[in-house]
Amino acid sequence: MAVNDLPIVGDSFKLGFRLQRYWDTPMASAFFFGELGAGLFFVSLLLESNRGMLAGLLITGLLKTYFHLSHMGVPQKSWRAILRPDRSWISRGLIGIVCFMGFGGLHLLEVWGLIPGFGGLLTLLAGAAALVVMTYQGFAMSHSTAISLWNSGLIPVSSLAYSATAGVMVLLAAAPESAQLMVPAALILHLCVAVILLSLLHAARHGSPGARKSVELLTRTLYAKWFFVLVCGAGVLLPVLLLWFAGSVPLATMIAATGTLAGYYTFRLLIFKAGVFEPIMSFRP
Amino acid sequence: MARYGMVFDLKRCIGCNACVIGCKQENSLPDGVFFTRTLSEEYGVYPAVNRVYIPTLCNHCEDAPCEKVCPSGATYTRPDGIVMVDPQKCIGCGSCAVACPYDQRSEMKAEAFKDGLFGTGELTDFEKQGYPRYTPGMVTKCDFCSGRVDAGLDPACVVTCPTDARIFGDLDDPNSKPSKLIRERGGKSPLPEKNTRPKVYYID
């Protein structure tokens, strides 16, 4: 038996793979709503949808913050997370969120004519901050060498792609009149997500024992059902088919957007749950 | 300045877990929290079956990933190489826990401090004297019993070990017991491919 055959040992005193259990549903929800809100804002900024931008800001500002605080062990000291941007992606991300909420809010006030215009400067700053929020969580995960599945350059790319896809789909479902422009973009983004998912699994499948164990969890054992039905089926296949054959039908875009969001949330959750720590050493031949 | 580290002699460890109990007592750890564990591995096919015990604790890495990712500055390394967690600064985000390749971080769940070891909601005298050193909700770990080390004593797990399988000392001193053992018997680092440069070595 090789290291690969070692079992998942939970919290026992046996040697084996240990499931990551520190970042769970509240953190996955915070990541999901952060990227969804920032993605929606960014796409709305490009398409000049004020309602979309407001919704994006509210989703990030309220839901991401709520789930982050519910995850924290000592929420009353959460402000301290901003103190180490020199080394921590969490700190950098928090600064990004503050900038996103600040510049995004000011941009909206500018658009509504409540404050004087700054000649596009606020648009630029708000867009840049939204891009930071769309990607930093991926960097926070991929920075960790401890969990091999996460330690991949594809994780921040997946954050960006999923975030943009979710943003486009929500906007498409809310404003089907823009379908002519949005449907091709949504199709391309879904295909990007599919390629990223395959690449992520392929890289992990040929990676360290821990990464291989994660792929096994996602595609063959514990989480396979959820991964194939929700992440691949509802999250990619269903929206692609609906958009391809009935892209301008409001009900179809609504169902497609629901599928995309369900797949995206499940991906966020499963990528946390399938993260494993490797056995520190083994005496197996 | 010393650079503290530990050596585990796997030939000596008998898996009695006295170190685990010693650590829990010294550090007043709540239910379900362990700063050290003795893992067991069985291998081979009957009748040629073997079992080995592998003690684990925080490796006090030279290049500690938990310190690098800590957003609040709660995790820091002392000049003597002991990686510490400041309970006043920790926000309990868990980024150190997912960054540690050795899974050596422990969440000090707030409920554990309220329920007590017996789950009655009433704390024993032992818990009352020990819990104030932690902030409920923080994420912490082994600190090589830094208070004992500062007083010139060995960590609790080392003095509790009945077989001397745990050897603690200054890795910069070529005449210290751990330095000699590493030199003579070739100390192995856990997960060297993670590039964390642990200060805990295994000899077999």
Helices (runs of 4 or more DSSP H) within segment B:89-204 that include 1 or more residues aliphatic (A, V, I, L, M): B:95-99, B:110-115, B:146-150, B:156-160, B:177-185
Residues that are touching a Pro at 6+ places or on another chain (Cβ under 9 Å), in a strand (DSSP E or B) and either free of Cβ contacts under 8 Å to residues at least 40 places away in the same chain or open to solvent by 20 Å² or more (accessible area, probe 1.4 Å) (or both), drawn from segment B:44-88: B:Gly44
Odd one out for A:Val195, checked against (1) within 19 Å of the chain's Cα centre (by Cα); (2) closer than 25 Å to A:Ile59 by Cβ; (3) of a type in the set (Val, Ile, Thr); (4) surrounded by fewer than 18 Cβ atoms within 10 Å (Cβ to Cβ): (2)
Residue in segment B:18-36 that is in a strand (DSSP E or B), within 30 Å of A:Ala140 (Cα to Cα), away from chain A (no Cβ under 12 Å) and open to solvent by less than 10 Å² (accessible area, probe 1.4 Å) present: no
For B:Tyr131: the one exception among (1) of a type in the set (Ser, Thr, Tyr); (2) touching a strand residue (DSSP E or B) at 6+ places or on another chain (Cβ under 9 Å); (3) within 16 Å of B:Val33 (Cα to Cα): (2)
Number of the condition not met by B:Ala97 [criteria: (1) open to solvent by less than 10 Å² (accessible area, probe 1.4 Å); (2) under 17 Å from the mean Cα position of the chain (by Cα); (3) free of Cβ contacts under 8 Å to residues at least 24 places away in the same chain]: (3)
Subset of segment A:217-265 that is polar (S, T, N, Q) and part of a loop (DSSP other than H, G, I, E, B) - its residue that is modelled with the highest pLDDT: A:Thr221
Test: residue in segment A:214-229 that is under 16 Å from A:Val3 (Cβ atoms), open to solvent by 20 Å² or more (accessible area, probe 1.4 Å) and not β-branched (Val, Ile, Thr): yes
Per-region count, segment B:84-136, residues of a type in the set (A, V, I, L, M, F, W, C) and farther than 29 Å from B:Ser189 by Cβ: 8
Test: residue in segment B:142-153 that is surrounded by 20 or more Cβ atoms within 10 Å (Cβ to Cβ), within 12 Å of chain A (Cβ to nearest Cβ) and in contact (Cβ under 8 Å) with a residue 12 or more places away in the chain: no
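The values are calculated or read from the model by the stated rules, or taken from the named source; none is laboratory data. Note that the coordinates shown come from a computational prediction; the quantities given were computed from them, not determined experimentally. All Cβ positions, even for glycine, are placed from backbone atoms using ideal geometry, and neighbour counts span all protein chains on display. The accessibility values were calculated without ligands, DNA or RNA, using every heavy atom of the protein model including side chains. Shrake-Rupley method; radii C 1.70, N 1.55, O 1.52, S 1.80 Å.
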